[in-house]
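A short write-up of the structure that comes next.
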Amino acid sequence: MRYLPHTDKEIEQMLSVTGHAHLEDLFSHIPDKCRYQGELNIGSPISEWALTDYFKSLGEKNSVSSAKAVLLGAGSYSHFIPEIVSDLMSRSEFLTAYTPYQPEISQGTLQGIFEYQTLTARLLGMEVANASMYDGASALAEALLMAIRIGRKKNTVAISSSIHPHYREVVKSYLQAESFTVIELKTDKKGRTDLSGLADIDGLAAVALQSPNFFGVIEELQDAATQIHDSKALFVCCFSEPFSYGMLKSPGESGADIVCGEGQSFGMPQSFGGPGLGMFASSKKYQRNLPGRLIGETQDVDGRRGYVLTLSTREQHIRREKATSNICSNQGLCALTAAAYMATLGGTGIREMAKLNFNKAEYLKNGLLAAGANLLFDSPTFNEFTLSFDSDFSKTRSRLLEKGIIAGMELSQFYPEYKDAYLFCVTETASKDTLDTVIQEVLL
Amino acid sequence: MTLGPGRTGLILDEPLLWEKGKSGRTAFSMPDLDVPEAITTIDKELLGEGPDFPDLSEVDVVRHYTRLSTWNFGVDTGMYPLGSCTMKYNPKINEKMAATPGITASHPLLGDELSQGSLKILFELQNLLTSLTGMDKACLQPSAGAQGEMAGMLIFAAYFRKIGEKRTKILIPDTAHGTNPASAALCGFTPVSIKSKADGTLDLQSVSELMDEETVGIMLTNPNTLGIFEESIREVTACIHEKGGLVYGDGANMNAVMGIVDFKRCGIDIMHLNLHKTFSTPHGGGGPGAGPICVVEKLSPFLPVPHIVKNLEQYHLEYDCPDSIGKLHAFFGNFSVLVKAYSYILSMGGKNLKKASQLAVLNANYVKESLRDTLQLAYDMPCMHECVFSDALQQKHQISTLDMAKRLIDYGYHPPTIYFPLVVQGAIMIEPTETENKQDLDQFIAVFKKVTDEARENGDILRNAPAITKVRRLDETLAARKPCLVG
């Protein structure tokens, strides 16, 4: 086996040093009653070429591999990944290193993540950002736990029902064991979060909104911030499409205290939903309450600028059960990828891309409205939007599927109250031809 | 300094991203706008200026990250004997398999019918992991070992809620990784620390005294974090089970025992595996990893949703699981990491996985025997895939573990894990892994001996090490006292 370098002779020489006759003898102290019975039943080794054929066949079993376009987002977005991003991120010095415990030989990862923290903070309009969390959903859960820590005796959080349904489920999993209360806020007729009942909630530590929300609707964050702060709670703003902030006012500028969300759009393939990137930022006054890894700037003994893991007294290896979180890693390579992607776009590029996405989504939305569809919510949207149909859209959807276009997702699986409504997504990867085909098919 | 691969060379400096670039440059191939510009109906109040990012050219970006990469040390660079992290070689073919177009383009919400290939990967990998551990069911959703632990603790809580018992404490050995108590606390349990015996193993007597009807059970690691197999594991787990408790096994050290130990027979009820350790997926400078969990049958109803099942020849996502602890990830976990691990297991086959464990243990024992007169062994016990020393012999020369670790860098090695586990003062934990050959181990051993010679004869070389890296020792106190987290 090519990954196992020992020759039989070497094994023999080494065993003579360790004082064993056979490899099996290294395990002689393991009691019989703990032993694996028989040999591992997982087949013979497969060669590189056979493996390549096998995975190719698996890829082909995903019907999406032959699809021309997937007009569906819902937390996983199709964006162009520049070749330089994939190429640079596959450099094995980044790929095969571990957590930068030894900063002198990890400055590549450390400076790269410091840059990621900075670009993330700038994107979200916040003062500080961490080195990333597992994904947008767990980032939201950690943000709410952080708000509860800051709120001390407050045990209740309110989350908007227009937050991604899966994110809300993850929040409930994370918060279930302790006696925390999670209240869901209704979505109003405009597709925005109804904040009218906040004053009646006791012990409210935080209120979480998503913008653009699951329906693609842009929330009025500034107004929300005022109402949330009036109820003495922290404002947690989450997102699933970071491109929106190339065009929209940032959550920080709108008054959010903690901002978190999914960064997959920035250079990561969709890969059946993972790995993604939990982006996480806050105001500076809460930096010692942040969960997860942090990279900070410092100096070496010669006064040269360098970077280290820092504020580790928040973390488990020192604080154990009193740590701010149990997370002891980050999505290192994904964070580095997002930084490289943001650098590749630049400030000019992200503005242009955000507009491109917006224009394309508006084109399909307006085309479908002209073809007879109805707006579920009459509010501005970014990238994603929800429409309802008087006719049976599921038949149209099936016809489009035969043409290799996956057009939207039925909303009722997550929101039974919205019948015959579909969530659509358009990014820069969908061509005008594809969008026209969808519009034509609805007109049929 | 001719021992070891470390030499001096040209290091190129590189500023921070925003210290370079000029407004108007671009590295992005911007698609044309092929639709009419939309008349924006968005309220101006909602619009912003966009972020303050630098504009860079393609060459700017390429040079930037290429230079940064040269300041890093990875497994592909050299030996990385970081104990408890299993820094084995990460096969290239696995990266290619995960990049198969039909796999990377797979959207997570298309439903069963359009996702059969991805679902098959998840289903088959679940089965392989249960085969490898001896457990009954697996769930691949946890994104890392710590999230696997958390899933385990949530399952503990859900199980006792289901059977109507209120238990609040959990036993955790003092050798445990810090995430164990942190995960337990996050799920509402109060950790009770168990002091290890003088030989570094679990004290059955203490477990038996501390285990009671208010305690959910125990979280243990076997082989433990000292690299020692807990020979009394069956007695410990029996004691927990007798009092109605459950046993969580931290599978961080699975690389020592593939095909050798059956965790269900050991009495483990639930365990996680670190695919980025045992199953060779790259660590990526700290992630993404994957921390799937495996459980015995009676705990399978509590696994996160969706469960991935096979009906006839179709794979299916099952959401109707009323006892489930819910979801831990927006979708199905770090999928492409799972693909890489699947590719690794298929490449190795059963025979080679067992051989990998045997050779990992052989390498650790070889290093242990070769350095036993050079460094103080923390516990003179049979070791598994890693061995733990301390700086007790070097202290008299005012040389610490940190100094030796930093000196190893100059010689071209990533240092071992240092100052963990906490029960060993000045711990030096060496895990060579099976992918290091004898020649390279011999060179490493010779270098370590040289470093201890230097400790005796010329300690300042160690105290001032590393000397030839891009930066030398960094001021961590300054970083923590005046945090500068963004530039």
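The values are calculated or read from the model by the stated rules, or taken from the named source; none is laboratory data. This one's a predicted model, so the numbers in the text were calculated from it and none came from an experiment. Here the Cβ is made from the backbone with ideal geometry for all residues, glycine too, and neighbour counts use every protein chain on show.
For residues in segment A:199-232 being of a type in the set (S, T, N, Q) and in contact with a helix residue (DSSP H, G or I) (Cβ under 8 Å, 6 or more places away or on another chain), which is farthest from A:Leu185 (Cα to Cα)? Ranking the candidates gives A:Gln222 first.
Against the numbered list (1) more than 30 Å from A:Arg351 (Cβ to Cβ); (2) surrounded by fewer than 24 Cβ atoms within 10 Å (Cβ to Cβ); (3) in contact (Cβ under 8 Å) with a residue 40 or more places away in the chain; (4) touching a Phe, Trp or Tyr at 6+ places or on another chain (Cβ under 9 Å), A:Gly151 comes up short only at (4). When A:Gly112, A:Gly108 are checked against the criterion of being assigned by TED's automatic domain parsing to the domain that holds A:Ala131, under 24 Å from A:Cys334 (Cβ atoms) and without any contact (Cβ under 8 Å) to a residue 40 or more places away in the chain, a single residue qualifies: A:Gly108. Total residues in segment A:315-344 satisfying the condition of being touching a residue at least 40 places away in the same chain (Cβ under 8 Å) and either part of a helix (DSSP H, G or I) or closer than 18 Å to B:Glu37 by Cβ (or both): the figure is 13.
Of the strands (runs of 3 or more DSSP E) that lie entirely inside segment B:283-344, those containing 1 or more residues that are of a type in the set (Val, Ile, Thr) span B:293-295, B:307-311. Taking segment B:46-59 as the range and being within 15 Å of A:Tyr245 (Cβ to Cβ) and either facing chain A (nearest Cβ under 7 Å) or not in a loop (DSSP other than H, G, I, E, B) (or both) as the test, the residues that pass are B:Leu46, B:Leu47, B:Gly48, B:Gly50, B:Pro51, B:Asp52, B:Phe53. For segment B:121-130, the count of residues that are part of a loop (DSSP other than H, G, I, E, B), at the interface with chain A (Cβ under 8 Å from one of its Cβ atoms), out of contact with any Gly (no Cβ under 6 Å at 6 or more places or on another chain) and crowded, with 22+ Cβ neighbours inside 10 Å is zero.
Test A:Glu39 against the criterion of being outside any helix (DSSP H, G or I), out of contact with any Leu (no Cβ under 9 Å at 6 or more places or on another chain) and either at pLDDT below 95 or acidic (Asp, Glu) (or both), and give yes or no. Spelling it out, A:Glu39 is indeed outside any helix (DSSP H, G or I), out of contact with any Leu (no Cβ under 9 Å at 6 or more places or on another chain) and either at pLDDT below 95 or acidic (Asp, Glu) (or both).
Of the numbered criteria (1) crowded, with 24+ Cβ neighbours inside 10 Å; (2) part of a helix (DSSP H, G or I); (3) under 19 Å from the mean Cα position of the chain (by Cα); (4) not charged (D, E, K, R), the one A:Leu145 fails is (1). For A:Ser271, are the conditions met, namely being within 13 Å of chain B (Cβ to nearest Cβ), hydroxyl-bearing (Ser, Thr, Tyr) and under 16 Å from the mean Cα position of the chain (by Cα)? So A:Ser271 passes the test.
Condition test on A:Glu24, is it at pLDDT 95 or above, more than 7 Å from chain B (Cβ to nearest Cβ) and part of a helix (DSSP H, G or I)? Taking the combined requirement at face value, the residue satisfies it. Counting the residues of segment A:278-314 that are more than 24 Å from A:Ala137 (Cβ to Cβ), of a type in the set (D, E, K, R) and outside any loop (DSSP other than H, G, I, E, B) gives 6. Residue pairs whose Cβ atoms lie under 8 Å apart, separated by 6 or more positions or on different chains, with the first residue in segment B:132-159 and in contact (Cβ under 8 Å) with a residue 12 or more places away in the chain and the second crowded, with 24+ Cβ neighbours inside 10 Å and of a type in the set (D, E, K, R), are B:Gln141/B:Lys327; B:Ser143/A:Asp135; B:Gly145/B:Asp250; B:Glu149/B:Asp250.
Filtering segment B:287-322 to residues that are small (Gly, Ala, Ser) and closer than 25 Å to B:Leu346 by Cα leaves B:Gly287, B:Gly289, B:Ala290, B:Gly291. Evaluate segment B:381-392: report whether one residue or more is surrounded by fewer than 24 Cβ atoms within 10 Å (Cβ to Cβ) and more than 10 Å from chain A (Cβ to nearest Cβ). Checked segment B:381-392: at least one residue is surrounded by fewer than 24 Cβ atoms within 10 Å (Cβ to Cβ) and more than 10 Å from chain A (Cβ to nearest Cβ). The set of residues from segment B:436-487 being within 26 Å of the chain's Cα centre (by Cα), assigned to a helix (DSSP H, G or I) and within 9 Å of another protein chain (Cβ to nearest Cβ) comprises B:Lys438, B:Asp440, B:Leu441, B:Glu476, B:Ala479, B:Ala480.
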